[in-house]
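The values are calculated or read from the model by the stated rules, or taken from the named source; none is laboratory data. Model, not experiment: these values are computed from the prediction. No Cβ is skipped: glycine too gets one built from the backbone with ideal geometry, and neighbour counts run over all protein chains shown. These accessible areas exclude ligands, DNA and RNA; they are computed on the full protein's heavy atoms, side chains included. Shrake-Rupley method; radii C 1.70, N 1.55, O 1.52, S 1.80 Å.
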Amino acid sequence: ISMGGLGAASYAMEHEELVQGVILLAPFMGDADVIDEVKAAGGLEKWTPPDLAAIEDEGGRQYYKLWSWYQEYVTSPSTQPELYIGHGQDDGLGGPNDMVGAFLPDGHLKIIPGKHKWKVWTPIFADFIRAIR
């Protein structure tokens, strides 16, 4: 959830062989500059990631690496762990979540009324668990 979603996504990215699926609830997806760059390119399907070796800032490099991993849900989704993303429709983190969620299979993006709160995340999580079983 939120910043923990960043950690979960980063772990899944680094250890894909160990992860079958990830449920991210209103995950923080990185620095606004990186997200704005993806948006300006026309979205994940049109974005070209920069050369990661040329990025000196470790945090910035990690965010670009993560968005490159998210891009694989567009280019080669069958090789990726199952990904589920949920958030409240009034959650400030929703925009970047939707940029990735747009490329997930039906039922893998869930948006319900509400903000960045447990009362939103709890029912979304329960719905995802029911769908996975």
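Here are some notes:
- Between the residues 43, 86, 12, the greatest Cα displacement towards the positive end of the dipole of segment 6-133, with unit charges on the Cβ of Lys, Arg, Asp and Glu, is found for 86.
- Converting phi to 3J(HN,Hα) with the Karplus coefficients 6.51, -1.76 and 1.60 and the offset θ = phi - 60°, segment 45-50 yields 6, 10, 6, 10, x, x Hz in sequence order, with x at every glycine or proline.
- For segment 9-60, a crude dipole built from +1 on the beta carbon of Lys and Arg and -1 on the beta carbon of Asp and Glu, taken about the Cα centre, is about 320 debye to the nearest 20.
- Dipole moment magnitude, nearest 20 debye, segment 43-99 about Cα centre, only Lys, Arg, Asp, Glu C-beta charged: 160 debye
- Within a straight-line Cα-Cα reach of under 16 Å, residue 110 can be paired with the following lysines, leaving aside sequence neighbours fewer than 8 residues apart in one chain: 119.
- Looking at segment 1-66, the accessible area is 54 square angstrom per residue; that uses a 1.4 Å probe and ignores ligands, DNA and RNA.
- Apolar share of the accessible surface for segment 8-61: 50 percent from carbon plus sulfur atoms, 1.4 Å probe.
- Nearest 10 degrees, 0 to 90: helix 118-132 Cα axis against the chain principal axis: 90 degrees
- Equivalent ellipsoid, segment 55-133 (semi-axes from 5 times Cα gyration tensor eigenvalues, Å): 24, 17, 10
- Cα long-axis angle, helix 58-75 against the chain (0 to 90 degrees, to the nearest 10): 70 degrees
- The Rg/Rh ratio of segment 30-98, with both radii computed over alpha carbons and Rh defined as the Kirkwood radius, is 0.97.
- For the chain, alpha-carbon Rg and Dmax in angstrom: 14.2, 43
- Applying 1/(1 + (r/R0)^6) with R0 = 22 Å to the Cβ-Cβ distance of residue 75 and residue 3 gives a FRET efficiency near 0.25.
- Unit charges at the beta carbon, dipole of the chain: most positive-side option, 124, 68, 22: 124
- About the Cα centre, charge dipole magnitude for the chain (Lys/Arg +1, Asp/Glu -1 at Cβ), debye: 700 debye
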